[in-house]
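What follows draws every value from the coordinates through simple rules; no lab data is involved. All values derive from a computational prediction rather than experimental measurement. In this analysis, Cβ positions are derived from the backbone assuming ideal geometry, glycine residues included, and neighbour counts consider all displayed protein chains.
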């Protein structure tokens, strides 16, 4: 049986708008989507505020790209990253890009890469402007990639009452189930997740305090669940249905 093709990814990090503490978990997250063939980080490495990044570059094999700030008030780092991204895009050697920044200046870049048929994964803080989030195929908020495991666990899960009152979330899930379901109203969880991701690039169960989509949807208390055996009779697949059906 032929193995699934591994996606070749280019990771481009804006050092001025990303935190060094997320590096390990950032790369682990990216590994879920493919192999990082290129890892570059952009900034003015003569500046003291980037010192904490320098200690990580060799450890994680990230190539620093020097960009002097020639003109005050102009972000030369952004320009260098965008030019490099276009050069890499034109090589035709990549299946996707990971843009690590909370800066809206990369919105047009993300859109342009997607126009070429490549996948764009965005990574930034929750302050990231919505246009940049929407321009990506998937956007992961870096708060869920906190280095300290205890810090992540301390984030309280949103309770059922709060989730039910989140109209945007409820409608998103119900629309996904409706689009993926059979005539009886049951939908396999995997296509439901895919539909949600396409409609809302910034959606992530971890933003609500849950590790998996199934955990979040179960906590909402609005859906029925059913486990079914797959064709080989060993593995099980999870199906979901709106309780209103």
- DSSP-defined beta bridges in the chain - what % are antiparallel, rounded to 5: 25 percent
- Using just the helices of the chain, give the 222 nm mean residue ellipticity in deg cm²/dmol: DSSP H runs with n ≥ 4 each add -39,500 (n - 2.57), and the total is spread over all residues, rounded to 500. -10500 deg cm²/dmol
- Approximate spin-label separation residue 127-residue 164, in nm, with each point projected 7 Å along Cα-to-Cβ: 3.6 nm
- Query: Just for the Cα atoms in segment 194-245, what are the lengths along the principal axes, largest first, rounded to whole Å?
  - Reply: 35, 24, 20
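Tell me the volume per residue, in Å³, of the convex hull enclosing the alpha carbons of segment 8-150.
Numbers: hull volume 15.8 nm³, N = 143.
With only Cα atoms used, segment 8-150 gives 110 Å³ per residue.
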- Task: Assuming a ≥ b ≥ c are the square roots of the Cα gyration tensor eigenvalues, decide whether the chain counts as rounded (a/c under 1.5), prolate (otherwise, with a/b larger than b/c) or oblate.
- Result: prolate
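Once you keep just the Cα pairs under 8 angstrom separated by 6 or more residues, what percentage relative contact order results for the chain? Please report the intermediate quantities before stating the final value.
Details: 383 pairs, mean separation 37.2, N = 245.
So the answer I get is 15 percent.
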- Query: Which FRET efficiency value, to the nearest 0.05, is calculated for residue 226 and residue 35 with the Förster distance at 35 angstrom and r the Cβ-Cβ distance?
  - Reply: 0.45
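Over segment 82-202, what per residue volume does the convex hull of the Cα atoms give, in whole Å³?
Values: hull volume 17.8 nm³, N = 121.
Per residue, the Cα convex hull of segment 82-202 comes to 147 Å³.
Using the reciprocal of the averaged 1/r over all distinct C-alpha pairs, how large is the Kirkwood radius of segment 156-242 in Å?
13.3 Å
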- Message: With the crude spin-label approximation of a point 7 Å out along Cα→Cβ, what separation in nm comes out for residue 61 versus residue 188?
- Response: 3.5 nm
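Which FRET efficiency value, to the nearest 0.05, is calculated for residue 84 and residue 49 with the Förster distance at 30 angstrom and r the Cβ-Cβ distance?
Numbers: r = 22 Å, r/R0 = 0.72.
Plugging the Cβ-Cβ distance into 1/(1 + (r/R0)^6) gives 0.90.
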- Query: Once fully extended, how much extra length lies between residue 28 and residue 178, figured as 0.36 nm per residue of separation less the alpha-carbon to alpha-carbon distance?
  - Reply: 50.7 nm
